Amino acid sequence: MKPVVVIAFYVWLALTVAIVLGRLARWTASRQAAKRRRKARELARSQGTMFAVDTISPESDTIDLDAEFPPPVQTRPEKHEVAALAPVLVDPTREVDQSPAVEERREADRRMGDRRAIERRLATFASEPPARAPTPTPSMAPTPSMAPTPTPTPTPAPAVPSIAQLLAGIAIATDLEPIDPSGSTRSDQSTALISRQRPAHQVGTEIADELERLGFELTPIGEAALLASRGSNALTVAIDPAPNTPDADGHVRFPTANATDVVVEFWVGSGPRPS
């Protein structure tokens, strides 16, 4: 055998071995990579990886998948995994079952997806800190209204009844006659009666009995006067057994009365006798 042929044979053998070893190394590397990817997917499934299909319909050409993977795993779902969830998306020519039972199941799945979305949103709100109210600034201070403040209408005071209204229905003896004090003008807030036949104690007893009959509550004021009260109304009754006697200023209130006459005065309120 010639030396050139021997050298060529060894060169061919070396190249063949190198090619075989290279292919074997690439095949081993691809197998190891595929094995690592398979283990990663199995780990993700074992840790609760779920694909939640929000919307699947025959008219859809896309699918929204909510997938949770561990940080080391960042792979997209395989075609067979998507086909298991939505076969119509992988094979658009596949006939879709439109029976009522299937439609009801799809509606239930849609409502379940909506409920889960709401639950996730509520969980997000619960984890977020409460928003703080903005601190008011001078520019945000409320401006007082320029509208005029309405003036409240004053409540009218209750009308004061007249002496005739308070004594309405009283029954008195025929010997009691009206009399006007000297130097005073007539008013509907006071009146005076004179008796020329009976003593003061008889006249006083008769007047007191009639006032109690009319519903007045009597309170004595001194020796010859009393306060008659009924609800919010009051009147004062005074008996003068010597109406013609002058006062400290020498003034006689009833100059036409005799020494034996008795005068009964009535005025509205609990104040002093009107002048």
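The values are calculated or read from the model by the stated rules, or taken from the named source; none is laboratory data. Since the structure is predicted, the reported quantities are computational estimates derived from the model, not experimental observations. Ideal geometry is used to build each Cβ from the backbone, glycine not excepted, and the neighbour counts take in all protein chains shown.
Brief remarks on what is shown
- Consider region 180-189 and keep the residues that are under 20 Å from residue 250 (Cβ atoms) and modelled with pLDDT of 80 or more. The one that is surrounded by the most Cβ atoms within 10 Å (Cβ to Cβ) is 181.
- Per the listing 235, 218, the residue uniquely within 19 Å of residue 171 (Cβ to Cβ) and in contact (Cβ under 8 Å) with a residue 12 or more places away in the chain is 235.
- Some residue of region 212-222 being of a type outside the set (Val, Ile, Thr) and over 57 Å from the mean Cα position of the chain (by Cα): yes
- Residue 212 vs. criteria free of Cβ contacts under 8 Å to residues at least 24 places away in the same chain, at negative phi, assigned to a strand (DSSP E or B) and not basic (Lys, Arg): no
- Pairing each residue of region 27-41 that is among the small types (Gly, Ala, Ser) with any residue that is surrounded by 10 or more Cβ atoms within 10 Å (Cβ to Cβ), provided the two are 6+ apart or on different chains, yields C-beta distances under 7 Å for 40/73; 40/75.
- Condition check for residue 226: out of contact with any strand residue (DSSP E or B) (no Cβ under 6 Å at 6 or more places or on another chain), at pLDDT 90 or above and within 23 Å of residue 175 (Cβ to Cβ): no
Matching residues to (1) crowded, with 20+ Cβ neighbours inside 10 Å; (2) basic (Lys, Arg); (3) in contact with a Gly (Cβ under 8 Å, 6 or more places away or on another chain):
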| site | (1), (2), (3) |
| --- | --- |
| 215 | no, no, no |
| 221 | no, no, no |
| 232 | no, no, no |
| 238 | no, no, no |
| 241 | no, no, no |
| 245 | no, no, no |
| 266 | yes, no, no |
| 273 | no, yes, no |
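- Top-ranked residue of region 101-113 - restricted to ones that are modelled with pLDDT under 75 and surrounded by fewer than 11 Cβ atoms within 10 Å (Cβ to Cβ), ranked as nearest to the chain's Cα centre (by Cα): 111
- Cβ-Cβ contacts under 6 Å between residues 6 or more apart (or on different chains), taken from a first residue in region 185-206 that is over 17 Å from residue 242 (Cα atoms) to a second residue that is modelled with pLDDT under 90 and assigned to a loop (DSSP other than H, G, I, E, B), are listed as 190/274.
- Residue in region 262-275 that is over 60 Å from the mean Cα position of the chain (by Cα) and part of a loop (DSSP other than H, G, I, E, B) present: no
- Residue 54 touching a strand residue (DSSP E or B) at 6+ places or on another chain (Cβ under 8 Å), modelled with pLDDT under 50 and within 30 Å of residue 105 (Cα to Cα): yes
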